[in-house]
Structure formats: C-alpha cells, structure tokens
Amino acid sequence: MSETRSDGELLRAVATDGDRRAFEELYRRYAPWLTARMRSRCADAGVVDDVVQETFLAVWRGTARYRQDGDVAGWLWRIGSRRLVDALRGDGARGRLRQALARLRHREEASAEERVLAGVEHGDLAGALVRLSPELRAVLQATVIDGLTTREAAVLLGIPPGTVKTRAMRARKQLREALA
C-alpha cells in the first residue's frame with residue numbers, strides 16, 4: 001500500500017526534483033476543485049479549462065512559488081483567479097465590449113456603460129484605487145475582484161478574518177471620500 005504524501009511534500013517534489021508523479025497527484029487532487037470554482041466565476045468552459053491548465057503549468061514550470069506557509073488550495077486559487085481575470089480582461093472580452101459600445105454611439109448621449117468605463121479607466125476611481133495602501137488594495141482584490149469570502153481572503157492573505165473585514169471597511173471609506 002502506497003503512502004499518501006501531503007500537499008507540501010508534493011509541491012517540494014515538483015519544485016526540487018521535477019517529480020512528474022507528484023505533479024500528477026497534485027493535479028488529480030486540485031484540478032477538479034479549481035475547475036468547479038472557476039466555472040462559478042466564468043460560464044465559458046473553454047476559458048476555464050485554459051486557465052486551469054495555465055495555473056498548473058505555472059506550478060510545473062516553477063513560475064508560481066509556494067511559500068509553504070499557507071493553504072495549497074488557497075494558493076492555487078490565487079494563481080488561477082488572477083489568470084482568469086487576465087483572460088477575461090484580454091483583448092477578446094475587451095474587444096467585444098468596445099464593439100457593443102460602438103453600436104450604441106449613434107446616440108448623442110453617452111451610455112451608462114461608457115460613462116462607467118470612462119470613469120474606471122480615466123477617472124477618479126482609478127486614481128483612488130492607486131492611492132490605497134497595498135494592504136487595502138490586496139483585500140479589495142481578493143474580496144471584490146476575485147470574489148472570495150472573508151474566510152477565503154483571510155487564508156489567501158495570511159491575516160485574520162476580522163482584519164480582512166476591517167481593511168475592506170477602511171478601503172471602502174477611503175474610496176467614498178476620494179470620489180465624493
């Protein structure tokens with residue numbers, strides 16, 4: 001009977017020895033879970049499959065480094081969710097949005113979508129986000145953009161759930177003040 005290795009042992013074997021079996025075991029453990037999580041965020045199964053593959057390729061190639069002080073699932077989720085955001089922000093999604101907005105341009109008044117996009121890309125919101133401290137931006141990234149719960153964000157960031165809540169509250173307050 002073979003002994004089951006811990007996630008940390010598997011990651012060390014992949015990182016130090018390029019152990020293909022360890023990588024395959026890690027993939028079997030987490031790919032279905034990561035795929036299910038990603039599909040709750042993105043309806044395009046092709047994009048989700050690509051993102052999951054890119055996530056595990058980053059692990060295999062060593063471009064994603066595990067610090068061995070947190071939950072492996074949270075670490076994989078952080079890699080995958082950032083890749084998903086990048087994929088959704090890519091030229092494909094952005095191009096489709098621009099085309100949809102171009103069809104609306106025959107009107108003299110800017111659409112609500114155009115006003116929001118202009119405000120995010122060129123307005124006060126972008127500047128207000130940049131002025132937030134890295135700690136507050138990290139909490140907003142995890143809870144708003146990545147859609148993590150307070151508990152998941154706490155695991156991901158390595159801070160207590162109460163700290164996540166406090167930083168989220170401070171970030172929202174600072175954004176409201178900056179945009180008022």
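Read-outs: derived from the displayed coordinates by stated rules, not from any lab. As the structure is a prediction and not an experimental result, all values here were calculated from the model. Counting neighbours? That spans all protein chains shown, and the Cβs are built from the backbone with ideal geometry, glycine included.
Odds and ends about this structure:
- Label separation (Thr166 vs Asp44): 4.0 nm, computed from points 7 Å beyond Cα along the C-beta direction.
- If you plug the beta carbon distance of Arg131 and Glu54 into 1/(1 + (r/R0)^6) with R0 = 35 Å, you get a FRET efficiency near 0.65.
- At q = 0.13, 0.25, 0.31, 0.33 Å⁻¹ the log10 of I(q)/I(0) for the stretch 134-180 amounts to -0.25, -0.81, -1.13, -1.23, computed by Debye summation with a single uniform scatterer per C-alpha, solvent ignored.
- Stretching the chain fully between Thr149 and Arg176 yields a gain of 7.5 nm (0.36 nm per residue, less the alpha carbon separation).
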